[in-house]
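Computed from the coordinates by the stated procedures, all read-outs in this text should not be read as laboratory data. Fair warning: this is a prediction, and the values are worked out from it, not measured in the lab. All Cβ positions, even for glycine, are placed from backbone atoms using ideal geometry, and neighbour counts span all protein chains on display.
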Amino acid sequence: MFGEPGAQGQPAGRVRPGGPSGAGRKSDGLLMRIGDIPIRVAYSLGAAVITGVIVVLIFMLFSGDEPSDPVGARQSVAPTVQPSPTVSPITLPALPDATALKALPGTPSVVLGAVTDAKSAVTYASLGKPWAAKAVPSFSAGQQVGSAGLPRTVIASGPLPGATPVKPLKSDADYRKAALSAVKWTIRNHHPEGGKVTWTASQRLATGKGWVLAYRVTYEVKGKEHSSQAALAVIDIGRRKPSVLFVTVPDTRKRLWADIAPVVASVRAL
């Protein structure tokens, strides 16, 4: 009824051929234990892989909001700072002692009447041909010969260039200083670049409170030296900001140099 000794408790049909039944149980247990280990490792590895995939997906999802090259992007987006244009300073020689404005050689133009510049509150001589009434940049009234290109031939009036003086101009020194500043402005804006100044007159305004400066501006045009004769008067008009009368004539129209002194002598406040 039972098998041979050593096989007790084992059904006959379950005995593995080729080896004792005890060895079969040990082999089965070992295989089960070995089989359990790969399953746990597989679960662990699977979980790790899934976790890694999730992390990569999250990184890829949110990293899309950032530029691939943040430093390069910041550099390209940052506004380009343009260098400020270099402005050459205007250097003028020291003013001479009081020197009267003198008539220059040439042929004076016919006086047709008077220019009344209501905005600047001044009046002065209106000249005939070749002079013609023209708008002169930065001035409120003017007369001109030829084109508006540099060097210009103009007679023009307007408020003192720049800001209104902080304090009212009272003394000759105040008006002389204002005239000096206005001359610098004319050199920068109404004469060829690089002009050099030589003073020819510095005096009180003959027709009221103010100051007159006359000067020669030397410069180069197409490699040749040329010059303009010019004069500027600062006129007290009873306001915090005075007015100016500016006259300049280049050496290509020397005969009109004779108009400078008479026009400046004619200016007065309204």
* **Over 20 Å (Cα to Cα) - which of LYS119/LYS241; LYS177/LYS241; LYS102/LYS184; LYS119/LYS209 fall in this group** => LYS102/LYS184
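At 0.36 nm per residue, and after removing the present C-alpha to C-alpha distance, how many nm does the segment from TRP199 to LYS241 gain when stretched out fully?
12.6 nm
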* To do: Work out from phi, with θ = phi - 60° and the Karplus expression 6.51 cos²θ - 1.76 cosθ + 1.60, the ³J(HN,Hα) of each residue of the stretch 122-131, listed in order in whole Hz, and give x for Gly and Pro.
  => 9, 9, 6, 5, 9, 9, x, 3, x, 6
* Fraction in percent of alpha-carbon pairs per bin - 10 Å, the stretch 154-209 -> 17, 51, 29, 2
* To do: Could you pull out which residues in the stretch 126-158 have an amide N less than 15 Å from a spot 7 Å beyond the Cα of LEU270, following the Cα-Cβ vector?
  => 140-142, 157-158
* Structure fact -> For the stretch 197-270, whose charge dipole is built from +1 on Lys and Arg Cβ atoms and -1 on Asp and Glu Cβ atoms, the candidate among ILE260, TYR219, LEU245 with its Cα farthest towards the positive end is LEU245
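What number, in nm² with one decimal, is the all-direction average of the projected area of the convex hull of the alpha-carbon atoms of the stretch 123-240?
Result: 7.8 nm².
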* **Sequence-separation-based contact order of the stretch 173-213, relative, with Cα cut under 8 Å and 6+ spacing, percent** => 43
